[in-house]
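The values are calculated or read from the model by the stated rules, or taken from the named source; none is laboratory data. Quantities reported herein were computed from a predicted structural model and do not represent experimental measurements. Heads up, the Cβs are rebuilt from the backbone with ideal geometry, glycines too, and the neighbour counts pull from every protein chain shown. The area values use the complete protein model at the heavy-atom level, side chains included, leaving out ligands, DNA and RNA. Shrake-Rupley method; radii C 1.70, N 1.55, O 1.52, S 1.80 Å.
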Number of protein chains: 2
Amino acid sequence: MTKHMFLKAATGVAFLLSASTALKADVVPVSDDTRETAAMLRDKALKSDAAYEILESLTTEVGPRLGGSEKEAEAARWAVAKLKALGFDKVYTEPVTVSKWERISESASVVAPYTQPLSITALGKSAATPEGGITAEIVHIPTYEALLEADPADIEGKIVFISNRMERFKTGAGYGPAVQARGKGAAEAARKGAKAIIIRSIGTDSHRLPHTGGVNYEEGTPPIAAAALSNPDADLLERMLDRGKPISIHVDVQTKFHGDVTMHNVIGEITGREKPEEVILMGSHLDSWDLGTGAIDDGAGVAITVAAADMIQDLTKERPRRTLRVVLFASEELGLIGAKQYAEAHKDDVANHVIGAESDFGAGPVWALASKVSTGSVHVVDTMAQLMQPLGVVRHGREAGGGPDVGQMVKIGMPGIDLMQDGTDYFDLHHTADDTLDKVDPEALKQNVAAWVVFAYIAAEWPGDFR
Amino acid sequence: MTKHMFLKAATGVAFLLSASTALKADVVPVSDDTRETAAMLRDKALKSDAAYEILESLTTEVGPRLGGSEKEAEAARWAVAKLKALGFDKVYTEPVTVSKWERISESASVVAPYTQPLSITALGKSAATPEGGITAEIVHIPTYEALLEADPADIEGKIVFISNRMERFKTGAGYGPAVQARGKGAAEAARKGAKAIIIRSIGTDSHRLPHTGGVNYEEGTPPIAAAALSNPDADLLERMLDRGKPISIHVDVQTKFHGDVTMHNVIGEITGREKPEEVILMGSHLDSWDLGTGAIDDGAGVAITVAAADMIQDLTKERPRRTLRVVLFASEELGLIGAKQYAEAHKDDVANHVIGAESDFGAGPVWALASKVSTGSVHVVDTMAQLMQPLGVVRHGREAGGGPDVGQMVKIGMPGIDLMQDGTDYFDLHHTADDTLDKVDPEALKQNVAAWVVFAYIAAEWPGDFR
Ligand SMILES: [Zn+2]
Ligand SMILES: [Zn+2]
């Protein structure tokens with residue numbers, strides 16, 4: 001969305017505010033003061049470069065920050081320094097135990113009947129091939145479901161190639177069906193005797209930049225090497241296979257497991273003036289895959305949530321009623337590690353987690369607001385949506401999940417909000433070397449912060465209960 | 001351009017033909033028969049998958065084919081077999097001596113004050129760094145011109161970083177100014193004592209896929225390693241430099257020179273029925289850089305020229321008056337090697353090269369026709385342009401150069417035609433790993449063949465002289 005569109009849309013604000021619904025006697029209203037402050041914050045956010053500057057700093061000074069690596073530790077030091085420099089009331093870390101995995105090298109090529117290099121990347125947490133790699137015929141399996149049904153006699157001793165294509169949707173709805181090949185394909189292929197597995201990248205682009213992402217093994221099956229081909233390379237293999245001759249490829253993936261290391265969730269708080277123990281949880285993850293600089297995944301989320309909380313402390317006369325807690329989770333990409341350990345550590349304190357939301361879907365504009373809150377607080381989310389309407393945000397009817405990380409707390413009882421982003425282009429870049437700062441539209445980043453200040457300020461200031 | 005647009009535009013044909021200019025008494029007219037056959041060929045070409053099938057075959061079965069490599073030799077064998085299978089009247093090769101260069105490995109990273117990997121590729125024919133690479137501070141030079149003016153004291157012992165950005169134009173006009181950094185930067189940097197040179201890719205995209213391309217050294221200056229950064233990496237370095245601290249990087253480029261080898265220009269002919277010794281030269285190059293599969297550079301040109309000549313032999317009642325000679329030049333990317341040796345070998349036969357054109361600007365549609373022909377034959381090119389008007393082609397006033405390869409013959413007296421293609425996106429892909437079949441629009445490829453059959457058929461059939 002362009003700046004011009006924001007400004008045009010903003011002329012509708014007065015109307016929307018005056019049209020607010022009459023409330024039942026037993027619900028706690030959102031005060032006019034709160035609405036006005038939220039609108040002021042929103043309008044200032046649309047003019048602020050703060051999030052972009054945070055993102056520029058993270059991607060330039062730290063860059064790739066694989067969970068469990070020294071670079072993730074460096075990112076945590078960067079985050080602590082940044083939150084302190086911005087003047088957050090409290091900045092602290094909580095330890096997270098992470099099983100460290102290292103990518104060493106990866107290469108592949110077609111060796112017969114044609115010879116061509118293939119652009120691949122090891123999936124995250126992939127096992128290694130034997131040193132020097134392996135050469136075998138590939139067996140083409142269209143989907144994970146087809147692999148489940150495949151005869152082991154057709155798989156044994158071969159390299160499984162799953163070619164399913166992810167479809168493009170604004171909501172990212174194409175990811176779930178396609179990503180099973182990545183998450184679960186290796187275990188199933190190994191069960192049927194495959195020597196390795198390669199998949200078409202779970203992504204919507206056509207560049208020679210394969211998409212990594214976590215693979216999961218299962219007890220009792222050998223951990224075979226698992227890699228993704230770039231989409232043009234998957235096209236190439238399919239064209240070769242169309243010729244009807246057996247295709248042999250060589251795959252060499254070298255990786256290493258280092259055991260447990262300690263990383264940290266980094267937390268910054270703006271302390272509530274009345275109920276400091278009650279927190280609004282604002283989540284994102286600090287780690288990234290190692291191929292890119294983690295600009296959209298999830299530097300954008302870090303920047304949006306940090307900038308939103310910082311803007312509220314900077315621009316309001318007094319601290320909001322409740323505490324704003326920004327949590328930059330560790331090692332999300334390796335399996336929500338930081339978030340799961342946060343939920344475990346704070347499970348007895350769920351009652352003080354008033355509501356939470358997460359930003360982890362790139363830097364596309366927020367287009368919808370969904371919630372999972374008590375009946376008596378639905379009107380507050382409606383008010384948030386009204387205040388976000390000039391940003392192009394609509395109220396969405398589905399129940400919020402809270403995002404992968406913050407969702408760990410929603411699962412154990414915390415109310416949640418989804419600020420749903422337009423992810424049309426997200427999977428062009430997701431988990432690739434192409435996840436870099438130039439892909440982020442600074443105007444869309446501002447729009448995100450504008451939506452987030454409305455949510456966070458009202459959630460922290462409104463005196464009622466979302467639970 | 002879409003198929004629909006072609007069909008709509010085609011309704012204008014009858015009008016255009018009837019509006020043909022009255023000719024002076026001393027010029028040889030293009031007969032109605034010739035026009036009608038050219039129009040028939042054009043319309044059939046718009047419906048033919050022949051060029052796409054040739055391109056699919058080359059990119060799938062051969063792929064990358066670096067000049068001087070065994071893969072280029074393989075491509076020549078593929079081409080001989082393809083031309084024979086298509087039924088060309090004569091298929092033969094002419095030897096070309098090529099100095100063989102090999103890319104072994106390449107890597108780079110920022111080492112201080114930040115640590116980040118950089119995506120680089122060695123420029124073609126780059127020297128190697130010492131084994132294990134070199135580490136040095138970078139000195140930021142905006143352009144080649146600025147490097148010419150730089151004080152050697154600022155360059156000595158450093159790695160030169162030239163950051164000029166190529167601008168996007170339909171004609172590719174941004175290439176010339178920017179590419180000097182690639183072609184001549186290394187020699188100038190070496191003259192001033194640099195340890196290596198890295199440049200921003202000469203390309204218009206924003207992907208982590210650097211653009212290679214030839215570098216030239218000069219006698220008397222040390223051949224320093226030369227590499228290109230992907231554009232997002234060049235952005236990153238610039239952002240780091242903006243912070244005002246010295247930036248050190250590590251660069252490791254391993255390459256090897258193997259001395260002279262023999263490659264081949266591959267030639268296919270449709271023999272003229274009246275003047276077989278007079279040839280219409282239809283050029284493209286068979287080699288590609290090693291990073292991609294050479295779909296747009298220059299598999300498309302191979303496919304367009306071969307399909308056009310083949311279509312003329314298949315669809316006309318008799319062979320055209322003159323010979324159609326399709327030349328697939330060897331090792332163009334290494335410095336027009338095949339074309340220069342063709343011009344040398346055929347310099348005494350220029351008189352029989354009636355006219356020539358080249359396809360080496362990707363698979364974008366032809367939008368203009370330029371010429372360098374005798375005054376008395378300008379009207380023939382005008383007629384070609386009229387027949388191409390339904391394809392969206394306009395007559396261009398500039399003098400034709402004939403393209404890099406075919407231009408070697410134009411320089412020594414052969415008339416030339418430029419079928420100018422829309423290169424708006426060409427430099428997004430040019431010389432990168434992303435130069436793959438999926439980037440080619442099959443409809444645009446058909447449009448190219450349709451323009452080429454009009455040119456080639458009329459040039460071969462018209463009885464007059466272009467010289
Ligand atoms: Zn993420
Ligand atoms: Zn070329």
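Any idea how many Lys pairs in segment B:118-257 come in under 19 angstrom at the alpha carbon, given 8 or more places apart or on separate chains?
Lysine pair count for segment B:118-257: 10.
At 0.36 nm per residue, and after removing the present C-alpha to C-alpha distance, how many nm does the segment from A:V28 to A:D314 gain when stretched out fully?
100.3 nm
Order of B:56-68, A:192-204, A:120-132 by packing, highest average Cβ count within 10 Å first?
A:192-204, B:56-68, A:120-132
List the residues of segment A:229-266 whose accessible area drops by at least 50 Å² when all protein chains are present, compared with their chain alone, using a 1.4 Å probe and counting only protein heavy atoms.
When all protein chains are present, A:R239, A:R243 each give up 50 Å² or more of accessible surface.
Across peptide B:328-336, how many C-beta atoms of other chains are within 10 Å of each residue C-beta, on average?
On the way: counts 0, 0, 0, 0, 0, 0, 0, 0, 0.
The shielding value for this peptide is 0.
How compact is segment A:316-411 by the rule of thumb for globular proteins, expressed as Cα Rg over 2.2 N^0.38 Å?
With N residues counted in segment A:316-411, Rg over 2.2 N^0.38 Å equals 1.18.
Below 24 Å, Cα to Cα, which lysines can B:K317 reach? Residues fewer than 8 away in the same chain don't count.
In chain and number order, the partners are B:K44, B:K47, B:K82, B:K84, B:K90, B:K275, B:K446.
Going by a 1.4 Å probe on protein heavy atoms, which residues of segment B:206-225 end up with at least 30 Å² less accessible surface in the whole assembly than in their chain alone?
Going by heavy-atom accessible area, the residues of segment B:206-225 that drop by at least 30 Å² are B:S206, B:H207, B:R208, B:L209.
Could you give the accessible area per residue of the protein assembly as shown, probe 1.4 Å, as a whole number in Å²?
So the protein assembly as shown comes to 36 Å² accessible per residue, rounded to a whole number.
Tell me, what % of the accessible area of chain B is carbon and sulfur with a 1.4 angstrom probe?
About 53 percent, which is the carbon plus sulfur part of the accessible surface.
Inter-copy label distances at B:M40, 7 Å along the Cα→beta-carbon direction, one decimal in nm, shortest first?
So the label point of B:M40 gives 8.1 nm to the other copies.
Which of the residues in segment A:102-150 show a loss of at least 20 Å² in accessible area from their chain by itself to the complete set of protein chains, at a probe of 1.4 Å?
By number: A:Y114, A:T115, A:Q116, A:P117.
Taking a point 7 Å out from Cα toward Cβ as the label site, list the nm distances between B:E274 and the same residue in every other copy, smallest first.
9.9
On the first, second and third principal axes, largest extent first, how far apart are the outermost C-alpha atoms of segment A:118-257 in Å?
39, 37, 30
Summing -39500 (n - 2.57) over the DSSP H runs of n ≥ 4 in chain A and dividing by its residue number, what mean residue ellipticity at 222 nm do you reach, to the nearest 500 deg cm²/dmol?
-10000 deg cm²/dmol
Given label points at 7 Å from Cα along Cα→Cβ, what nm distances, shortest first, separate A:E94 from the same residue in every other copy?
7.6
Starting from the alpha-carbon convex hull of the protein assembly as shown, give the projected area averaged over all orientations, in nm².
Taking the Cα atoms of the protein assembly as shown, their convex hull projects to 42.2 nm² on average.
In µm²/s, what is D for segment A:354-467 at 25 °C and 0.890 mPa s, where D = kT/(6 pi eta Rh) by Stokes-Einstein and Rh is the Kirkwood radius from Cα pairs?
Approximately 169 µm²/s, per Stokes-Einstein.
Inside 10 Å of the C-beta atoms of B:290-300, what's the mean count of C-beta atoms belonging to other chains?
Averaged over the peptide's residues, the number is 1.
What is the diffusion coefficient of chain A in µm²/s, taking the Kirkwood radius over Cα pairs and the Stokes-Einstein relation at 37 °C with a viscosity of 0.692 mPa s?
On the way: Rh = 23.0 Å.
In µm²/s, the coefficient is 143.
How big is the antiparallel share of DSSP beta bridges in segment A:118-257, given as a percent to the nearest 5?
Details: 7 of 21 bridges.
Among the beta bridges of segment A:118-257, antiparallel pairing accounts for roughly 35 percent.
List the residues whose amide H sits under 5 Å from the amide H of A:I141, counting only those 5 or more places along or on another chain, with H placed 1.01 Å from N in the peptide plane.
A:F161, A:I162, A:S163
Note the buried accessible area between A and B here, summed over both chains, with a 1.4 Å probe, in Å² to the nearest 100.
2400 Å²
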